[in-house]
1. Taking the stretch 102-126 only, how many residues are surrounded by 11 or more Cβ atoms within 10 Å (Cβ to Cβ) and aliphatic (A, V, I, L, M)?
2. For a quick check of your reading of the model, give me the residue pairs whose first member lies in the stretch 88-116 and is in the same structural domain as E136 (by TED's automatic domain parsing), whose second is outside any helix (DSSP H, G or I), with beta-carbon atoms closer than 7 Å and at least 6 apart or on different chains.
3. Go through the stretch 136-174 and report how many residues are surrounded by fewer than 16 Cβ atoms within 10 Å (Cβ to Cβ), within 18 Å of the chain's Cα centre (by Cα) and among the small types (G, A, S).
4. In a helix (DSSP H, G or I), closer than 30 Å to I59 by Cα and either out of contact with any strand residue (DSSP E or B) (no Cβ under 8 Å at 6 or more places or on another chain) or not assigned by TED's automatic domain parsing to the domain that holds E68 (or both) - does that describe any residue in the stretch 122-142?
5. Given R70, R76, which one is surrounded by 15 or more Cβ atoms within 10 Å (Cβ to Cβ), in the same structural domain as R140 (by TED's automatic domain parsing) and within 15 Å of E153 (Cα to Cα)?
6. Quickly run through the stretch 39-63 and pick out the residues that are basic (K, R) and touching a helix residue (DSSP H, G or I) at 6+ places or on another chain (Cβ under 7 Å).
7. Identify the residue in the stretch 15-56 that is among the charged types (D, E, K, R) and farther than 17 Å from L171 by Cβ and, among all such residues, is modelled with the lowest pLDDT.
8. For the stretch 83-121, which positions are among the β-branched types (V, I, T) and assigned to a helix (DSSP H, G or I)?
Amino acid sequence: MQLAALRSSMAVLLASCFAVAQQPAEVRQDATIQALLKEVHALRIALEQSNQIGPRIQIVLARIQLQEERVRNATRQLQEARDKLAEIQTKRTENADRIKQSEAAQAQAVDPNARKQMDFELTEMKAAIERWNALEQQYRAREAEANSLLLNEQGRWNEANNVLTSIERSLAPPPQ
């Protein structure tokens, strides 16, 4: 970018010199000095802009990298909560099926001791289902929290990306 500005400056300078070569010496010298001063001023402005934009780009890139890491972590947390929910639902369903089977077996049992044992097992299985239900509620809350965190982190990533895009647009040459 600076090399292109320098080349265009040199081209303007050479064109000025050739155009001025046809004028009287004193007028040519004054016009040449004015052209050089304008070019030096333009180069100074270009360097100042370049020095200001460089650190901003580095800061924004660092923010984007940090946000990408946060998005990955939030995505991982959400997936872990969903995996745990699926596991809990599977175990609860298996336990509910065992309860149905035990209730059917209990209805057919004749021996009072066997019935008593099945009653005890059914009570234990029903308590396990209650524990699975409580765990499911906990993981549903974790899932909602992780989902909210993910959306928040994605929003921050989008903001940082938008800043980088605006910097990129400011660096683009103006349409001609």
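The values are calculated or read from the model by the stated rules, or taken from the named source; none is laboratory data. Note that the structure is a prediction, hence the values are computed from the model and not measured. When we count neighbours, we look across all protein chains shown, and the Cβ atoms used for this are built from the backbone with ideal geometry, even at glycine.
1. 6
2. R115/A109
3. Residues meeting the conditions: 3.
4. At the first step, the residues of the stretch 122-142 found to be in a helix (DSSP H, G or I) are 122-142.
Checking which are closer than 30 Å to I59 by Cα leaves us with none.
Scanning the stretch 122-142 turns up no residue that is in a helix (DSSP H, G or I), closer than 30 Å to I59 by Cα and either out of contact with any strand residue (DSSP E or B) (no Cβ under 8 Å at 6 or more places or on another chain) or not assigned by TED's automatic domain parsing to the domain that holds E68 (or both).
5. On the way: R76 fails: surrounded by 15 or more Cβ atoms within 10 Å (Cβ to Cβ).
So the residue among R70, R76 that is surrounded by 15 or more Cβ atoms within 10 Å (Cβ to Cβ), in the same structural domain as R140 (by TED's automatic domain parsing) and within 15 Å of E153 (Cα to Cα) is R70.
6. Residues of the stretch 39-63 that are basic (K, R), as a first pass: 44, 56, 63.
The answer is R56, R63.
7. My answer is E26.
8. Filtering the stretch 83-121 for residues among the β-branched types (V, I, T) gives 88, 90, 93, 99, 110.
Matches in the stretch 83-121: I88, T90, T93, I99.
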